[in-house]
1. With the cut-off at 21 Å, report for the stretch 36-168 the share of all Cα pairs above it, as a whole percent.
2. Restricting to Cα atoms and excluding each atom paired with itself, what does the Kirkwood estimate give for the stretch 20-391 in Å?
3. Could you list, bin by bin from short to long, the percent of Cα-Cα pairs of the stretch 188-243 in 5 Å steps?
4. Ignoring everything except DSSP H segments at least 4 long, calculate the 222 nm mean residue ellipticity for the chain; use -39,500 (n - 2.57) per segment, divide by total residues, nearest 500.
5. Could you state the number of Å between the C-alpha centres of the stretch 252-267 and the stretch 197-250?
6. Give the peptides 85-92, 339-346 in descending order of average Cβ contacts within 10 Å, highest first.
7. With viscosity set to 0.692 mPa s at 37 °C, what whole-number translational diffusion coefficient in µm²/s follows for the stretch 146-262 from Stokes-Einstein and a Kirkwood radius over Cα pairs?
8. Using alpha carbon centroids, what distance separates the stretch 323-359 and the stretch 78-110, in Å?
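Bear in mind these aren't lab numbers, they're just calculated from the coordinates by the rules spelled out. It should be emphasised that the depicted structure is a prediction, and the values quoted were computed from it without experimental measurement. Positions of Cβ are generated from backbone atoms using ideal geometry, with glycine treated the same way; all protein chains shown enter the neighbour counts.
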């Protein structure tokens, strides 16, 4: 993610620069006037799932046709399975064989490397992909032998930046995860960040082994280094404050005070929650408070004082609604309902005729429809699940 985002999935800058003037064309620039019903959400999700399955390769994987580095398919396949796993009951029985083919594709890399990689062993955002695969396998009840599952868990724990990776407790990156997973690097880092760390912690959330519990304890402490507490309560991307990956830049000229922004704040809250921080914790409460005060869902909040030419505000939109949606129950009920309606309306308006989504901004690779559609499916599924829960 980056791919997320450069998985992206979300996490490192890509070489192509967004064209801010083109953002209106993606359907998210202005909030439409109408929010769709639960029935319309179901229809939108069905079209999206049909489109995703139509893109599946003969080898079972999903391969980017937008970015050459992701044509190997491991990270995209993990993302699609992760997206579909948010509502397993919605997947027709006739599609189970397609899920099995996708998982068989990923297992080729797992057997070769001990974690998720391309079938030929090529690394493809292995920490993101491994975390998402673990979560998807559990939710979709995919056949993953315990020995392989344990290897994936052990890999994620082993990639945490602690003494075994050459870091001491007083280092700002101690306890987090970076994008160098599988590289064997010791004592160096590209910079731990709240995006990849949040997915790994989600995968480890229910793990109770002593090693997993220690990892979550260290991570909860690490996450404090990415939060503007006790000031505004929001989060930034890297604990190394002067790191250029802190995308909303800084409030000072020396790079000592990074600005909080929406995607990082969502990821930071996911880190704290998955690490086991209680809802009564002041840091978690402060982070939720930042989300309550920053209400915009048409673009990522927190970038108003950053140069528009950077393109982050528009380039992270799908990722933002995807990470925000599961946190909406933490807001006031009225405010949560309002944002749910706004997100559904925005995404319904932006969906393409073929069922996919695609951003005009290439800043975080959301112009790849596999990535944007995966994010949109997760956001809509989370919102639909929340609405259904309210009616029970």
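1. Here the tail beyond 21 Å accounts for 42 percent of pairs.
2. The Cα-based Kirkwood calculation yields 20.8 Å.
3. 4, 18, 25, 24, 16, 10, 3, 0
4. -14500 deg cm²/dmol
5. What the calculation gives is 13 Å, centre to centre.
6. The most tightly packed comes first, giving 339-346, 85-92.
7. Answer from the Stokes-Einstein relation: 223 µm²/s.
8. 24
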